Amino acid sequence: MLGLSPTLVRALLPHGEPDSRLWSLRTFCTTGEPWNPDPYMWLFERVGRSRVPIANISGGTEVGACFLTTVLTEPIKPVALGFPALGQDMDVVDNFGETVRGGQVGELVCHRPWPGMTRGIWNDDGTRFIETYWARFPGTWTHGDWASVDADGYWYLHGRSDDTLNIAGKRIGPAELESAAIASGIVIEAAAIGVPHAVKGEEAWIFCVPAPGAEQDDERVAGAVADALGKAFKPGRILWVSALPKTRSAKIVRRAVRARVLGKDPGDLSSLENPESLSEISRALA
């Protein structure tokens, strides 16, 4: 079994197909962030030769386990997380705490505690812990991720709920915008953020890392997003950078990007692996 993150796969993709002998590989295990379809299929088809299943899972440091997991005895859908893990009472709810299904995006929550959950935050009197996880829907753990469940019962993640964009009254996760940008064929990695707009409320700006040897083409990327998601979601700006700010576990820190764009305090950035990448954001904005 080989464990890796979607970010690592996107970084490996430009280097071409592996020439190592992978006959003994039985399963890929991936976690850390939502997948984009193109890198997912590259890993499955080009690296795993359409033979090695991808066990996609999601949990968190504070979870002590996984909330959602691919089940290898069941058919696997690309980029899906399969189903709730054993013993986890998971749900997707709207702003009123009501269950939503049929692909509608809502908050990922857990209705019951589990043995591995965190019971508090270091040096906190309990206030921050309650406000962060339990206050929004009393008695229910709110994880902070957007999720959906399709008609077949397969679960998907769409990014952090505090990263969600509200464009012309429609909520959309950054992962959807980023996947569409990557599908343009000239972007290897992307971070989408919402920026205030007088008419739409927000518009998308997408920071893109170009694929090796690719020519930077704003209109090609913006057009790919509009074609995939609709004209209302066409980004207001495409900005090119050589790297995006990430944590040590390779998660893109979109709040740091948005804070730099809006000139606001990004909060605690001690988990950043590459703080110098913020200079890249500033350079792109100049």
*asked:* Please list, by residue number, every one of the chymotrypsin sites (Phe, Trp or Tyr not before Pro) in the range 57-158 that is coil in DSSP and has at most 10 other beta-carbon atoms within 10 Å.
replied: 96, 122
*asked:* Taking 41 Å as R0, compute the FRET efficiency from the Cβ-Cβ separation of residue 199 and residue 76 and round it to 0.05.
replied: 0.50
*When a/c is below 1.5 the answer is rounded, else prolate if a/b is larger than b/c, else oblate, so apply that to the range 164-285 with a ≥ b ≥ c taken from the square roots of the Cα gyration tensor eigenvalues.*
oblate
*Mind sorting 90, 41 by how few other Cβ atoms lie within 10 Å of their own Cβ, fewest first?*
41, 90
*Check residue 89: other-chain or 5+ apart residues with amide H under 5 Å from its amide H, H built from backbone geometry?*
111, 112
*asked:* From the helices alone, meaning DSSP H stretches of at least four residues, give me the mean residue ellipticity at 222 nm for the chain, per-run term -39500 (n - 2.57), in deg cm²/dmol to the nearest 500.
replied: -5500 deg cm²/dmol
*Taking every pair of alpha-carbon atoms in the chain, give the share separated by more than 24 Å as a whole percent.*
53
*What distance in nm separates the simple spin-label points at residue 134 and residue 96, each placed 7 Å from Cα in the Cβ direction?*
2.6
*Contour minus end-to-end for residue 62 and residue 12, with contour as 0.36 nm per residue of separation and end-to-end as the Cα-Cα distance?*
15.1 nm
*Looking only at the range 228-251, which residues have a backbone nitrogen under 17 Å from a spot 7 Å from the Cα of residue 276 in the C-beta direction?*
241-248
*Separation of the residue 249 and residue 46 label points, Cα + 7 Å toward Cβ, nm*: 2.7
*asked:* Pick from 81, 12, 157 the residue whose mean-square fluctuation is largest in a GNM of the chain, springs joining Cα atoms under 10 Å.
replied: 12
*Using θ = phi - 60° and the Karplus form 6.51 cos²θ - 1.76 cosθ + 1.60, what ³J(HN,Hα) does each residue of the range 44-50 get, whole Hz, x for Gly and Pro?*
6, 7, 8, 8, x, 6, 6
*Can you give the net charge of the other residues whose Cβ lies under 11 Å from the Cβ of residue 237, counting K and R as +1 and D and E as -1?*
-1
_Gyration tensor (alpha-carbon) shape descriptor, the range 227-286, a/c threshold 1.5_ = prolate
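Any read-out appearing in this document is the output of simple, stated calculations on the displayed coordinates, not a laboratory observation. Treat the numbers as computed from the prediction; the structure is a model and nothing was measured. Please note: Cβ atoms are built from the backbone with ideal geometry, for glycine as well, and neighbour counts cover all protein chains shown.
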